[in-house]
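The values are calculated or read from the model by the stated rules, or taken from the named source; none is laboratory data. Just so it is clear, the model here is predicted, and its values are computed rather than measured. Cβ placement follows ideal geometry from the backbone for every residue including glycine, while neighbour counts extend to all protein chains displayed. Protein only, heavy atoms only, side chains kept; ligands, DNA and RNA dropped before computing areas. Shrake-Rupley method; radii C 1.70, N 1.55, O 1.52, S 1.80 Å.
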Amino acid sequence: MASLSVAAILAENARRRPDKTALVEGDLRLTFAQVWQRAREQAVELVGLVVRPGRSE
């Protein structure tokens, strides 16, 4: 079985069901598209901080 990343799963759900609720915290409700957009924004910020994928030893 192929291994899927959280990013791949989230991206697929954002593509297939962008308007479906993905996250609920109190009164806050975010769709899959909104969560995916926020995740992408955070990834850009991390890259700007020179954070890269991989292991820390």
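A few remarks follow.
- Spherically averaged projected area of the chain from its Cα convex hull (nm²): 5.9
- A crude spin-label estimate for the pair ILE9 and VAL47, with each label 7 Å from Cα along the Cβ direction, gives 2.4 nm.
- Solvent exposure of the range 9-57 as accessible area per residue, Å², 1.4 Å probe: 88
- With Cα atoms, 0 to 90° folded angle of helix 32-48 axis to the chain main axis: 20
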